[in-house]
Structure formats: C-alpha cells, structure tokens
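A short write-up of the structure that comes next.
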C-alpha cells in the first residue's frame with residue numbers, strides 16, 4: 001500500500017515480516033477433482049428439479065382450489081371497484097335526487113310561463129277582434145290539445161292549493177287532524193294490521209300445504225296396499241281379493257277425514273271434505289279396473305297350465 005507524507009527509512013532488523021502466500025496445490029494426477037465437480041453439479045441439478053417439481057405441484061393444487069388465485073390484476077381491479085363503487089353510487093343517487101326536483105320545478109315554471117303568454121296573446125287578440133270580424137278562424141288539433149293540457153294543469157294546481165290551505169298547520173285551532181292521522185303513522189303501529197294479515201295468510205297457506213301432503217301420503221299408502229292385494233290375487237280367489245281391496249279402501253277413506261289441519265281455514269276444510277267423495281269414487285273405479293285386469297291374468301295363467 002502506497003503511503004503519502006514523510007517516510008522514514010526503517011532498518012531491516014525492525015521491519016515486520018511479510019506473510020508469504022500459500023503455495024498452489026498441485027493438479028491431481030488422475031483428474032479426480034473434475035469427477036467431484038460433475039457429481040456436485042448433478043446433485044445440484046437434481047435438488048433444483050425436485051424443488052421445481054414441488055413448486056409446480058403446489059401451483060396446480062392452488063389452481064384446483066381457486067382458479068383465480070394468481071389473477072393479481074383482476075383482484076386488484078375488483079378491490080379498486082369496491083372502493084370506488086359506493087362513492088359513485090352516492091354521487092349518482094344525490095345527483096338523480098336533486099336533478100329530478102329541479103326538473104320538476106323547471107317544468108312547472110315553463111307551464112306557468114306558457115299560460116301567462118297565452119293570456120297575454122288573448123288580451124292582445126281581443127283588442128283586434130273588431131278588425132277581423134268577417135275573417136274565418138282556424139284552430140289546429142295540436143293547439144287544441146295544448147289548451148286542454150293547460151286547463152288540466154290549472155285544475156290540478158287549484159286542487160293542490162286547496163289541499164295545502166286545508167292542511168296548513170298555522171290555520172288550525174285544535175289537534176283533531178293530528179289524532180285522526182295517527183292511524184296512518186308507521187311509528188305508532190300503522191302497519192301492524194297488515195303484518196298480522198300477512199302472517200295469517202302464510203299460516204293458512206302452510207295449513208293447505210300440510211293437508212295436501214297428508215292426502216298424498218294416504219294416496220301412496222292406498223296404492224301400496226292395492227299392489228299388495230293384486231299380488232295376493234295370483235294365488236287366491238278374485239272374490240276374497242275384492243273384499244280385501246274394498247276393506248282397505250274403506251279404511252283409507254275413513255282415516256282420510258281425520259287428517260289434522262291446524263292452520264287451515266274453515267273454507268279449506270269444507271273444500272277438502274267435498275273433494276274426498278270424488279277421490280273415493282275414482283279410487284273405487286281404479287280398484288275395480290285393477291281387479292278385472294288381475295282376474296284376466298289369473299284366468300290366462302290357469303288356461304296356460306291346463
């Protein structure tokens with residue numbers, strides 16, 4: 001290292017010994033070092049491939065669980081949209097709210113200006129009527145329609161003014177109107193009756209659904225008993241099978257009116273009771289047809305055996 005400034009000469013005896021560099025290793029005679037390097041490189045590549053394989057497996061597993069797990073741009077855009085959407089909605093709602101009111105007021109002023117202008121024209125025309133007495137007057141359909149709309153608007157405005165004068169609080173001497181409007185106030189339970197009616201309607205609907213479910217269960221039970229009786233007719237006489245079929249049908253019909261319907265109304269109960277005889281007649285007809293078919297099959301098998 002080169003030093004700057006005053007340099008004093010140091011005697012050789014006081015000089016520090018310089019550390020000698022280690023001698024170079026002699027090259028291997030048979031090149032074993034190269035083989036060690038190759039094996040080390042192979043093991044390094046193998047561990048690298050194994051790590052890459054594990055990473056690929058984890059990647060596939062993550063994609064199977066969630067296909068959009070690596071969709072960073074889409075997730076970022078969605079996050080930004082979620083942050084910006086409430087602000088945009090709030091802005092649009094406020095805009096629509098105030099703009100509608102302003103547009104209504106602008107239309108109202110426009111109609112008022114048109115009516116004032118028409119009245120001004122009528123006054124000017126009335127002054128010149130004596131000059132055009134012998135002339136024909138023409139009125140178009142569009143102008144007639146416009147006059148009708150203006151008359152309708154004036155009538156609505158008069159009604160609105162009368163209503164406002166009637167509902168003016170400063171001109172009332174007592175609280176009769178206030179107490180009269182309590183029934184329409186939601187804070188004092190104005191919608192309780194509607195909610196009760198809705199609950200009663202829901203209970204009635206639930207009762208009808210339960211009754212229909214019980215009737216379907218009895219029908220399934222009757223069909224299953226009929227199938228069993230048809231199977232038994234293959235080895236027994238038709239008359240006994242008919243008796244058992246009728247007995248099962250009568251038992252099912254007798255048990256059908258005893259279905260508990262707690263929430264159904266009286267009208268629905270009467271309808272269900274009226275519908276039971278019709279269903280019973282249909283069931284008897286079906287059972288007779290099934291018995292006739294079973295009898296024919298039994299006779300056909302008997303003839304085949306003979």
Query raised in the report: Which is modelled with pLDDT under 80 and under 30 Å from residue 153 (Cα atoms), of 94, 109?
Result: 94
Query raised in the report: Only one residue in 147, 122, 154 is part of a helix (DSSP H, G or I) and within 30 Å of residue 177 (Cβ to Cβ). Which one?
Result: 154
Query raised in the report: Looking only at residues in the stretch 160-179 that are loosely packed, with under 10 Cβ neighbours inside 10 Å and either closer than 29 Å to residue 112 by Cβ or in contact (Cβ under 8 Å) with a residue 40 or more places away in the chain (or both), which one is nearest to the chain's Cα centre (by Cα)?
Result: 164
Query - Condition check for residue 136: outside any helix (DSSP H, G or I) and either surrounded by 10 or more Cβ atoms within 10 Å (Cβ to Cβ) or at pLDDT below 85 (or both) - result: yes
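The values are calculated or read from the model by the stated rules, or taken from the named source; none is laboratory data. Predicted model only: the values in this text are computed from it and were never measured. Positions of Cβ are backbone-derived with ideal geometry, glycine not excepted, and every protein chain shown enters the neighbour counts.
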